[in-house]
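Visitor: My questions all concern the structure below.
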Amino acid sequence: MTNAGLEQSHDGADAVEAEASSWVRRRHFADWSESDDAALNAWLAQSPAHEVAYIRLEAAWNRTERLAALHPFKAERSRGLRVPLAIAAGLAVIAFMTAAALPLFHVAKDKVYSTPVGGREIITLADGSRIELNTDTVLHLSPDQRGAVLDRGEAYFQIRHDTAHPFALKVAGKRVVDLGTKFLVRERADGVEVALVEGRARLESAAVSTAQHGVILTPGDVAVATAGAISVTKVPVHDIASELSWRNGLLVFHNATLAEAAGVLNRYNDNKLVIDDPKIAGLTINGTFRTNDNQVFARMAEDVFGLRVTYSGNTTRISR
């Protein structure tokens with residue numbers, strides 16, 4: 001990084017520290033209202049850096065108050081003298097506290113859930129909502145259970161709606177906000193796919209700085225969101241139900257090519273199906289297969305299409 005870049009980075013960090021310090025002072029010495037609380041929460045939500053700076057400085061301030069309690073001022077000193085001295089002491093500690101103060105307090109952290117290749121897991125939330133994780137999936141759940149981040153993979157959400165505290169899922173730079181919903185979310189190489197089974201959900205950009213132009217999804221809507229666009233197609237709801245057959249350990253294919261089916265099966269198995277020939281890859285199939293058995297699929301290709309199957313280590317190759 002250039003010197004100019006370092007200066008800009010430092011300037012930005014200094015500005016965040018100054019703003020966090022201002023919030024701490026206002027909370028302790030000004031008349032604090034519900035609107036102030038909402039404004040603070042909005043500022044904290046803008047960036048993890050805001051949260052870290054505020055928590056650190058608030059902890060420093062609380063530590064100052066504890067120290068002051070151990071060495072109280074004499075009773076005959078006026079309140080007019082105590083307050084400026086308390087402010088000065090607090091500001092002095094805030095000015096010089098560093099990340100070394102972080103171990104002095106506990107911050108609630110997201111709970112991380114993950115499944116291995118071929119694995120599944122059901123998470124039941126306190127309000128009865130359920131999140132079902134598919135194969136090779138990683139999800140971070142917020143401490144209040146009203147927010148989550150899908151880092152990788154696929155999950156099915158059955159969320160009890162709370163108007164005051166809507167559930168929000170972040171994935172691939174997008175946000176899915178529950179409006180009373182059952183929905184399927186799958187991370188893709190180019191973005192994210194969201195399929196609505198029941199209720200409604202809003203799909204929008206997760207970036208605070210981005211203009212919030214999103215779409216409202218209703219049952220049967222399948223949205224694909226990339227970095228620059230959101231497209232929505234309508235399909236029969238029972239087709240989406242077929243997409244959810246993995247919840248029962250099955251995969252249902254309707255007019256899928258061999259390559260498409262092999263790609264889906266490979267997500268669930270360490271033994272990988274490989275189809276090199278484009279003509280073979282384009283053959284279409286209909287059928288139901290267990291998620292954990294690539295060999296049944298290989299035998300089907302052998303018996304139905306007369307193809308050749310060879311095995312080598314963790315690779316099952318299908319060829320002519």
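The values are calculated or read from the model by the stated rules, or taken from the named source; none is laboratory data. Note that the structure is predicted; figures quoted are calculated from it, not measured. A quick note on method: Cβ atoms are made from the backbone with ideal geometry, for glycine too, and the neighbour counts reach across all protein chains shown.
Visitor: Can Thr291 be described as surrounded by fewer than 18 Cβ atoms within 10 Å (Cβ to Cβ) and either under 30 Å from His50 (Cβ atoms) or in contact with a strand residue (DSSP E or B) (Cβ under 9 Å, 6 or more places away or on another chain) (or both)?
Guide: Values: surrounded by fewer than 18 Cβ atoms within 10 Å (Cβ to Cβ): no; either under 30 Å from His50 (Cβ atoms) or in contact with a strand residue (DSSP E or B) (Cβ under 9 Å, 6 or more places away or on another chain) (or both): yes.
No.
Visitor: While we're on this one: Looking only at strands (runs of 3 or more DSSP E) that fall completely inside the range 219-262, which ones have 1 or more residues that are of a type in the set (Phe, Trp, Tyr)? Steps first, please.
Guide: Numbers: elements: 221-225, 230-234, 250-257.
Per the criteria, 250-257.
Residues checked against (1) acidic (Asp, Glu); (2) in a strand (DSSP E or B); (3) assigned by TED's automatic domain parsing to the domain that holds Thr233; (4) farther than 17 Å from Tyr113 by Cα:
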{"position": "Glu132", "(1), (2), (3), (4)": "yes, yes, yes, no"}
{"position": "Leu139", "(1), (2), (3), (4)": "no, yes, yes, no"}
{"position": "Tyr156", "(1), (2), (3), (4)": "no, yes, yes, no"}
{"position": "Pro166", "(1), (2), (3), (4)": "no, no, yes, yes"}
{"position": "Lys170", "(1), (2), (3), (4)": "no, yes, yes, no"}
{"position": "Arg175", "(1), (2), (3), (4)": "no, yes, yes, yes"}
{"position": "Leu179", "(1), (2), (3), (4)": "no, yes, yes, yes"}
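Visitor: Sticking with this structure for a sec: Can you find even one residue in the range 198-213 that is of a type in the set (Val, Ile, Thr) and either under 24 Å from Ser129 (Cα atoms) or modelled with pLDDT of 90 or more (or both)? Please lay out each step first, then the result.
Guide: Within the range 198-213, the subset of a type in the set (Val, Ile, Thr) is 208, 210.
Subsequent filtering for residues that are either under 24 Å from Ser129 (Cα atoms) or modelled with pLDDT of 90 or more (or both) retains none.
Taking every residue of the range 198-213 in turn, none turns out to be of a type in the set (Val, Ile, Thr) and either under 24 Å from Ser129 (Cα atoms) or modelled with pLDDT of 90 or more (or both).
Visitor: Suppose the filter is in contact with a helix residue (DSSP H, G or I) (Cβ under 9 Å, 6 or more places away or on another chain), at pLDDT 95 or above and hydroxyl-bearing (Ser, Thr, Tyr); does Tyr268 pass it? Step through it out loud before you land on a result.
Guide: Working: in contact with a helix residue (DSSP H, G or I) (Cβ under 9 Å, 6 or more places away or on another chain): yes; at pLDDT 95 or above: yes; hydroxyl-bearing (Ser, Thr, Tyr): yes.
Yes, satisfied.
Visitor: Now, a different point. Would you check if there is a residue in the range 291-311 being outside the structural domain of Ile216 (by TED's automatic domain parsing), closer than 30 Å to Gly199 by Cα and either of a type in the set (D, E, K, R) or in contact (Cβ under 8 Å) with a residue 60 or more places away in the chain (or both)? Outline the logic, then answer.
Guide: Going residue by residue through the range 291-311, those that are outside the structural domain of Ile216 (by TED's automatic domain parsing) are 291-311.
In the following step, the residues that additionally are closer than 30 Å to Gly199 by Cα were identified as 291.
Okay, now just the ones that are also either of a type in the set (D, E, K, R) or in contact (Cβ under 8 Å) with a residue 60 or more places away in the chain (or both), so 291.
Yes - at least one qualifying residue is present in the range 291-311.
Visitor: Do we find a residue being among the charged types (D, E, K, R), free of Cβ contacts under 8 Å to residues at least 24 places away in the same chain and surrounded by 15 or more Cβ atoms within 10 Å (Cβ to Cβ) anywhere in the range 168-177? Break it down into steps so the answer makes sense when it comes.
Guide: As a first pass, look at the range 168-177 and keep what is among the charged types (D, E, K, R): 170, 174-175.
Now restrict to residues that are free of Cβ contacts under 8 Å to residues at least 24 places away in the same chain: none.
Scanning the range 168-177, I find no residue that is among the charged types (D, E, K, R), free of Cβ contacts under 8 Å to residues at least 24 places away in the same chain and surrounded by 15 or more Cβ atoms within 10 Å (Cβ to Cβ), so the answer is no.
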